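This report refers to the structure that appears directly beneath it.
The values are calculated or read from the model by the stated rules, or taken from the named source; none is laboratory data. If you're wondering where the values come from, they're calculated on a predicted model, not measured in any experiment. Because the Cβ atoms are built from the backbone with ideal geometry, glycine has one as well, and the counts that use them run over all protein chains shown.
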2 protein chains.
Amino acid sequence: MNKPADQSAFETPTVTTGPLPASRKVYSHPLPDLAVPHREIDLHPSANEPPVAVYDTSGPYTDPSVTIDVEKGLARDRRDWVLERGGVEEYEGRHVKPEDNGGANGKYLAREFPVRHRPLRGLDGHMVTQYEFARAGVITKEMVYVATRENMGRAEAHEDAAATIADGQSFGAHIPEFITPEFVRDEIAAGRAIIPCNINHAELEPQIIGRNFLVKINANIGNSAVTSSVEEEVDKMVWAIRWGADNVMDLSTGRNIHNTREWILRNSPVPIGTVPIYQALEKVDGVAENLTWEIYRDTLIEQAEQGVDYFTIHAGVRLAYIHLTANRVTGIVSRGGSIMAKWMLAHHKESFLYTHFEEICDIMRKYDVSFSLGDGLRPGATADANDAAQFAELETLGELTKVAWAKGCQVMIEGPGHVPMHKIKVNMDKQLRECGEAPFYTLGPLTTDIAPGYDHITSGIGAAMIGWFGTAMLCYVTPKEHLGLPDRDDVKVGVITYKLAAHAADLAKGHPTAHLRDDAVSRARFDFRWEDQFNLALDPETARDFHDQTLPKEAHKVA
Amino acid sequence: MNKPADQSAFETPTVTTGPLPASRKVYSHPLPDLAVPHREIDLHPSANEPPVAVYDTSGPYTDPSVTIDVEKGLARDRRDWVLERGGVEEYEGRHVKPEDNGGANGKYLAREFPVRHRPLRGLDGHMVTQYEFARAGVITKEMVYVATRENMGRAEAHEDAAATIADGQSFGAHIPEFITPEFVRDEIAAGRAIIPCNINHAELEPQIIGRNFLVKINANIGNSAVTSSVEEEVDKMVWAIRWGADNVMDLSTGRNIHNTREWILRNSPVPIGTVPIYQALEKVDGVAENLTWEIYRDTLIEQAEQGVDYFTIHAGVRLAYIHLTANRVTGIVSRGGSIMAKWMLAHHKESFLYTHFEEICDIMRKYDVSFSLGDGLRPGATADANDAAQFAELETLGELTKVAWAKGCQVMIEGPGHVPMHKIKVNMDKQLRECGEAPFYTLGPLTTDIAPGYDHITSGIGAAMIGWFGTAMLCYVTPKEHLGLPDRDDVKVGVITYKLAAHAADLAKGHPTAHLRDDAVSRARFDFRWEDQFNLALDPETARDFHDQTLPKEAHKVA
């Protein structure tokens, strides 16, 4: 947040609340103290069909029975789950330092979140992470929660589940007919899935990322040196999850990173990811050479105490790989990758992210922050896809995955970027092989470079395909990619585009119930039940608006 | 055109003219009387790169040296090419009947195009079609023209051509390093490619459709009973080709179909396709049961004399297949398919399109109207994809392809529709097998049904994939699909989306020069040459606008 913002001028973030059209939030209770949400969309009586159940990422904001107060944050139910299984201690925690907010002061300092929660951390010799519990055969509440959530309230397998799975093409994924907590545990224990869930993110509604589950999407938000404020970023987070973002990354730069993140976390029911090197760089005034392990380490602890659920860590960018990018069309385009490359070249030393990787694991384990091993050498152009630099880094990420697992951490792997269609599967298959099936989390990939302004689409094509091939989470791209910073409308278009891509992937993989929503839309279409078609759409507002532009009469909408 | 439109109120269509940013139209002259266009985009001097050559569909409208007069139509150079090879006769032609314009009169009758050209038709025993010439080993001017056009002004293969082809995955396509007229001829003779070019469409800049050439796209326009006028449709056609539509289908319904089409054809440098059954149905006041072979036949001749380049003919919808759709989620969604199904069920007789297929061939051969064998049983929902009905029809289309070839006609095959990703390649492979590699021309396919308002994207995913797998032409889908009629903005979004999908397919197939534009964009990006990035974009206006929304200063744009 870098606009002048003296505290008297700070406005409480206003966020969009209320249910989507014809929708009710429904909770399942697999355990007495777990309330797992999904959304039900009611159809016109003439349809004579039950409501359609859909996955719901929107949190309490769409539940009219919950009073939202952004100044207080969401309810912190999950703290009890963590405490009751033990192995953690509450402690005073790190106090905010001026450099955490980039030295902002006076009217440039964003207001602190009004409530301070003392952090928890894991104790040595005790299990903390979902990976550790899973390996020990323990089913956590988070595992029960995500199992119920994936089933969208269904108490047993859908009758067509086996046939639907058989009709799909999953490329080696094994989506079961029905998700049980035991299945969730086994997938996490195998490293094939993660539940990003920092023990300090007590507001979280857990969610699972793995290729044997529904494909998830991530939306990036974050202020920058140029535009936007805390208020806008909190609003964007709520807006993104309203339309279906399963995860949100806060990529803020500039000043007020700490305070912005706190507002977001305390109000976020979805996992929040960050790239800690961005904040560390602000702490050394943007001079990459001045970064140190100590500053970085302190930033990890700062963010872990706040409750960040996953960290992008570009530990695979090794000194020896930098020269591999020399003949690229677009060199190193990852911000984290180029920061570390600059540091390594300046010091002619191996990356401290690589040399201190085990210590990083130890910190992240204590809070159950998941790794999102960054692809600092991802291609920035289709010309650079699947090259030696990218694949060298991917092999190192595979090596680091095993280290992180041995340390008890949850791990996913980031992927490209820009990849023409015929090279997408090669990339996916190599990731599965090198990284022991750890979940892949890709940006796009963009399948051509010639359509700036439409890169949500160039990348939506690649995203749908790589999701089909086995990617567990798709990081959205908005229409502003390469051109500017996304506003609220861009966030929505990006989320909807990636939601449809993820769903297309689920359908193609043979997910046992993904087709139910498609079929409901199709029947509504065939019956001219316009209202049902709108309400079942990923974006009911736009569907209705487009219809009304040419056929505005009410009479055209009824069955 | 169904708005009241008395002739005094008729406005001459205004169309968008002038070059795209930093672009020049360049003509190659493979023969003294052939001027084959492409577009060159100039880069900033700091780039120290030659201009980037791109395919140009926009016709004379983007050539500042050509005076556009929509009342006169475009220059009719191609008439000489047809006349000089002989085998045709000029004749009086059919005179316009009131029913050709749906009985519109008075203020409801759209003004006739001011100039009347006497039609040509082929003589018995003489070659007329490109297929006939190709089979006889003759290289026509059209073949020379399209060969030059595909090479975009290049006089020889690009130095990296062989390597680029080897790096691609073409699934059995054989794109050569350089396109020669002989190669064009051989592909047409094999039935693998067509040049839609009615001998009466003298304004045409010929273009080739086949999987060993650049993937083409089609934009649908057309007035309806609800909205729009002749002026709007001519403008939409010019607008669609400005952004890259290689072909345009006029799907007008209601009144004034004849006059609307005449204005479009006389001003169109791209092939125009139609679905003649739509007009035939208007001639029987919308009562499908009252259709007759005679009315349909008369409509074919009417449209062939005007110069329509390809006809969608749903001759594969046979009586025996209708029951196969009984258990579908969305039955028969093709308008042509459902018209014919209604007729067959009412009369309990085989479709007259099937029983009279050879006569249809004889008519179309005389004018070299290409077949676009319609997929009247295409799925209208992902649930109905690749079902028995669709595949039964596809097999019949394969049978009819052979009949049409034997009659000397050019043929392409229409395809779905709605297909989840994992069933796309199966559909493509079956088409190639059943139809002897005749070009496939698909609508989308949409890969999920849950995103009305975003079906340009749900289908752009499927389009890019099926284009990669071998489809020769992609029919666009606009954001208004399923919801309403596309306006000018929707047409542009649809065209750009399909252009990027087609290009992604070209890249993946290993087209030898497709990557040059991507690489130029990527270099511009890496060098922060913003102006170059905008100018090289498929949609320079949107790219610039998005950039300026967050970074409006000129200083941010220079190299």
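With the structure loaded, tell me whether B:Thr401 is under 21 Å from the mean Cα position of the chain (by Cα) and surrounded by fewer than 24 Cβ atoms within 10 Å (Cβ to Cβ) or whether it fails that test. Please lay out each step first, then the result.
Numbers: under 21 Å from the mean Cα position of the chain (by Cα): yes; surrounded by fewer than 24 Cβ atoms within 10 Å (Cβ to Cβ): yes.
Taking the combined requirement at face value, the residue satisfies it.
Only residues that are of a type in the set (Lys, Arg) and touching a residue at least 60 places away in the same chain (Cβ under 8 Å): list them for segment B:248-267, please.
Narrowing segment B:248-267 to residues of a type in the set (Lys, Arg): B:255, B:261, B:266.
Correct list: B:Arg255, B:Arg266.
Please work out if A:Val138 is surrounded by fewer than 17 Cβ atoms within 10 Å (Cβ to Cβ), in contact (Cβ under 8 Å) with a residue 40 or more places away in the chain and out of contact with any Asp or Glu (no Cβ under 6 Å at 6 or more places or on another chain). Spell out how you get there, then give the answer.
Working: surrounded by fewer than 17 Cβ atoms within 10 Å (Cβ to Cβ): yes; in contact (Cβ under 8 Å) with a residue 40 or more places away in the chain: yes; out of contact with any Asp or Glu (no Cβ under 6 Å at 6 or more places or on another chain): yes.
When the stated conditions are applied, A:Val138 passes them.
Restricting to segment A:74-95, name every residue that is in a loop (DSSP other than H, G, I, E, B) and either under 15 Å from A:Val115 (Cα atoms) or among the basic types (Lys, Arg) (or both). Before the answer, list the steps.
Step one: filter segment A:74-95 for residues in a loop (DSSP other than H, G, I, E, B), giving A:74-77, A:86-87, A:91-95.
Matches in segment A:74-95: A:Leu74, A:Ala75, A:Arg76, A:Glu92, A:Gly93, A:Arg94, A:His95.
Residues B:Thr471, B:Thr448: which one is within 14 Å of chain A (Cβ to nearest Cβ), part of a loop (DSSP other than H, G, I, E, B) and within 19 Å of B:Asp506 (Cβ to Cβ)?
Values: B:Thr448 fails: within 19 Å of B:Asp506 (Cβ to Cβ).
Step by step, each of B:Thr471, B:Thr448 is checked, and only B:Thr471 is within 14 Å of chain A (Cβ to nearest Cβ), part of a loop (DSSP other than H, G, I, E, B) and within 19 Å of B:Asp506 (Cβ to Cβ).
Within segment A:400-428, track down each residue that is within 14 Å of chain B (Cβ to nearest Cβ) and not in a helix (DSSP H, G or I).
A:Pro416, A:Gly417, A:His418, A:Val419, A:Pro420 - these are the residues of segment A:400-428 that are within 14 Å of chain B (Cβ to nearest Cβ) and not in a helix (DSSP H, G or I).
Would you pick out the residues in segment A:313-324 that are surrounded by fewer than 24 Cβ atoms within 10 Å (Cβ to Cβ), outside any loop (DSSP other than H, G, I, E, B) and of a type outside the set (A, V, I, L, M, F, W, C)? Lay out the reasoning, then the answer.
Start the filter on segment A:313-324 by keeping residues that are surrounded by fewer than 24 Cβ atoms within 10 Å (Cβ to Cβ), which leaves A:318-320, A:322-324.
Imposing the further condition that a residue be outside any loop (DSSP other than H, G, I, E, B) reduces the set to A:319-320, A:322-324.
Residue satisfying the conditions is A:His323 alone.
Quick check: is even one residue across segment B:181-191 touching a Gly at 6+ places or on another chain (Cβ under 9 Å), assigned to a strand (DSSP E or B) and not hydroxyl-bearing (Ser, Thr, Tyr)?
Scanning segment B:181-191, I find no residue that is touching a Gly at 6+ places or on another chain (Cβ under 9 Å), assigned to a strand (DSSP E or B) and not hydroxyl-bearing (Ser, Thr, Tyr), so the answer is no.
When you scan segment B:522-548, how many residues do you find that are more than 7 Å from chain A (Cβ to nearest Cβ), in contact with a Leu (Cβ under 8 Å, 6 or more places away or on another chain) and outside any helix (DSSP H, G or I)?
Number satisfying all stated conditions: 1.
Restricting to segment B:57-94, and then to whatever is without any contact (Cβ under 8 Å) to a residue 40 or more places away in the chain and among the polar types (S, T, N, Q), can you tell me which residue is surrounded by the most Cβ atoms within 10 Å (Cβ to Cβ)?
This residue is B:Thr67.
So B:Glu437 ticks every box in (1) assigned to a helix (DSSP H, G or I); (2) closer than 22 Å to B:Gly172 by Cα but one. Which box is left unticked?
Every condition holds for B:Glu437 apart from (1).
Exactly one condition in (1) more than 22 Å from the chain's Cα centre (by Cα); (2) outside any loop (DSSP other than H, G, I, E, B) is false for A:Pro176; which is it?
Every condition holds for A:Pro176 apart from (2).
Going by the structure shown, is A:Ala219 modelled with pLDDT of 95 or more, in a strand (DSSP E or B) and touching a helix residue (DSSP H, G or I) at 6+ places or on another chain (Cβ under 9 Å)? Step through it out loud before you land on a result.
Values: modelled with pLDDT of 95 or more: yes; in a strand (DSSP E or B): yes; touching a helix residue (DSSP H, G or I) at 6+ places or on another chain (Cβ under 9 Å): yes.
Judged against the criteria, A:Ala219 is a match.
Could you list all residues from segment B:437-485 that are touching a Lys or Arg at 6+ places or on another chain (Cβ under 7 Å) and free of Cβ contacts under 8 Å to residues at least 12 places away in the same chain?
B:Ile450, the sole residue that qualifies.
Considering only residues that are of a type in the set (Gly, Ala, Ser), part of a loop (DSSP other than H, G, I, E, B) and within 21 Å of A:Ser370 (Cα to Cα), which ones fall in segment A:97-151? Outline the logic, then answer.
If we filter segment A:97-151 for residues that are of a type in the set (Gly, Ala, Ser), which is where we start, we get A:102-104, A:106, A:110, A:122, A:125, A:134, A:136-137, A:147.
From what's left, part of a loop (DSSP other than H, G, I, E, B): A:102-104, A:110, A:125, A:136-137.
Of everything in segment A:97-151, those that are of a type in the set (Gly, Ala, Ser), part of a loop (DSSP other than H, G, I, E, B) and within 21 Å of A:Ser370 (Cα to Cα) turn out to be A:Gly125, A:Ala136, A:Gly137.
Does B:Leu432 satisfy being hydrophobic (A, V, I, L, M, F, W, C), more than 14 Å from chain A (Cβ to nearest Cβ) and surrounded by fewer than 24 Cβ atoms within 10 Å (Cβ to Cβ)?
On the way: hydrophobic (A, V, I, L, M, F, W, C): yes; more than 14 Å from chain A (Cβ to nearest Cβ): yes; surrounded by fewer than 24 Cβ atoms within 10 Å (Cβ to Cβ): yes.
Spelling it out, B:Leu432 is indeed hydrophobic (A, V, I, L, M, F, W, C), more than 14 Å from chain A (Cβ to nearest Cβ) and surrounded by fewer than 24 Cβ atoms within 10 Å (Cβ to Cβ).
Please determine whether any residue of segment B:451-465 is more than 7 Å from chain A (Cβ to nearest Cβ), more than 23 Å from B:Val270 (Cα to Cα), assigned to a loop (DSSP other than H, G, I, E, B) and in contact with a helix residue (DSSP H, G or I) (Cβ under 9 Å, 6 or more places away or on another chain).
Checked against the condition, which is being more than 7 Å from chain A (Cβ to nearest Cβ), more than 23 Å from B:Val270 (Cα to Cα), assigned to a loop (DSSP other than H, G, I, E, B) and in contact with a helix residue (DSSP H, G or I) (Cβ under 9 Å, 6 or more places away or on another chain), segment B:451-465 yields no hits at all.
In segment B:365-385, what count of residues is obtained for those that are in a strand (DSSP E or B) and either within 17 Å of B:Gly122 (Cα to Cα) or of a type in the set (Gly, Ala, Ser) (or both)?
Filtering segment B:365-385 for residues in a strand (DSSP E or B) gives B:370-373.
The next check asks that each one be either within 17 Å of B:Gly122 (Cα to Cα) or of a type in the set (Gly, Ala, Ser) (or both); those that pass are B:370-372.
Total meeting the criteria: 3.
Looking at this structure, is B:Ala406 over 23 Å from B:Cys197 (Cβ atoms), among the small types (Gly, Ala, Ser) and either buried (at least 24 other Cβ atoms within 10 Å of the Cβ) or at pLDDT 95 or above (or both)? So that I can check it myself, show each step before the final result.
Values: over 23 Å from B:Cys197 (Cβ atoms): no; among the small types (Gly, Ala, Ser): yes; either buried (at least 24 other Cβ atoms within 10 Å of the Cβ) or at pLDDT 95 or above (or both): yes.
When the stated conditions are applied, B:Ala406 does not pass them.
Being more than 18 Å from the chain's Cα centre (by Cα) and either buried (at least 24 other Cβ atoms within 10 Å of the Cβ) or facing chain A (nearest Cβ under 8 Å) (or both) is the filter here, so list the residues in segment B:482-510 that pass it. Outline the logic, then answer.
We begin by selecting, within segment B:482-510, every residue more than 18 Å from the chain's Cα centre (by Cα); these are B:482-485, B:487, B:489, B:504, B:507-510.
Result: B:His482, B:Leu483, B:Gly484, B:Leu485, B:Asp487, B:Ala504, B:Leu507, B:Ala508, B:Lys509, B:Gly510.
Identify the single condition in (1) assigned to a loop (DSSP other than H, G, I, E, B); (2) exposed (fewer than 14 other Cβ atoms within 10 Å of the Cβ); (3) small (Gly, Ala, Ser) that B:Ala163 does not satisfy, given that it satisfies every other one.
(1)
Just the residues that are of a type in the set (Ser, Thr, Tyr) and within 21 Å of A:Asp235 (Cα to Cα), please, taken from segment A:70-128.
The initial filter retains those residues of segment A:70-128 that are of a type in the set (Ser, Thr, Tyr), namely A:91, A:108.
The answer is A:Tyr108, and nothing else.
Out of segment B:242-281, which residues are within 28 Å of B:Gly18 (Cβ to Cβ), aromatic (Phe, Trp, Tyr) and in a helix (DSSP H, G or I)?
Of everything in segment B:242-281, just one residue is within 28 Å of B:Gly18 (Cβ to Cβ), aromatic (Phe, Trp, Tyr) and in a helix (DSSP H, G or I), namely B:Trp263.
Is it the case, given these coordinates, that A:Asp519 is within 10 Å of another protein chain (Cβ to nearest Cβ), farther than 29 Å from A:Ile165 by Cα and in a helix (DSSP H, G or I)?
no
Return the only residue of A:Ala555, A:Ala559 being more than 11 Å from every other protein chain (Cβ to nearest Cβ), surrounded by fewer than 24 Cβ atoms within 10 Å (Cβ to Cβ) and either modelled with pLDDT of 95 or more or not in a helix (DSSP H, G or I) (or both).
Details: A:Ala555 fails: either modelled with pLDDT of 95 or more or not in a helix (DSSP H, G or I) (or both).
Checking each option against the conditions leaves just A:Ala559.
Please go through (1) facing chain B (nearest Cβ under 7 Å); (2) at pLDDT below 95 for A:Pro479 and return the number of the only condition it doesn't satisfy.
Condition not satisfied by A:Pro479: (2).
Could you tell me how many of the residues in segment B:325-352 are part of a loop (DSSP other than H, G, I, E, B) and more than 27 Å from B:Val419 (Cα to Cα)? Even if it seems obvious, please write down each step before you answer.
First, pick out the residues of segment B:325-352 that are part of a loop (DSSP other than H, G, I, E, B): B:326-334, B:348-351.
Retained after the next criterion (residues that are more than 27 Å from B:Val419 (Cα to Cα)): B:348-350.
Adding up the residues that qualify gives 3.
May I ask you to list the residues in segment A:100-134 that are of a type in the set (Asp, Glu) and surrounded by fewer than 20 Cβ atoms within 10 Å (Cβ to Cβ)? Give the derivation first.
If we filter segment A:100-134 for residues that are of a type in the set (Asp, Glu), which is where we start, we get A:100, A:112, A:124, A:132.
Selection gives A:Glu112, A:Asp124.
Residues to consider are A:Ala245, A:Ala288, A:Ala304; find the one that is of a type in the set (A, V, I, L, M, F, W, C) and without any contact (Cβ under 8 Å) to a residue 60 or more places away in the chain.
Details: A:Ala245 fails: without any contact (Cβ under 8 Å) to a residue 60 or more places away in the chain; A:Ala304 fails: without any contact (Cβ under 8 Å) to a residue 60 or more places away in the chain.
Selected residue: A:Ala288, the only one of A:Ala245, A:Ala288, A:Ala304 that is of a type in the set (A, V, I, L, M, F, W, C) and without any contact (Cβ under 8 Å) to a residue 60 or more places away in the chain.
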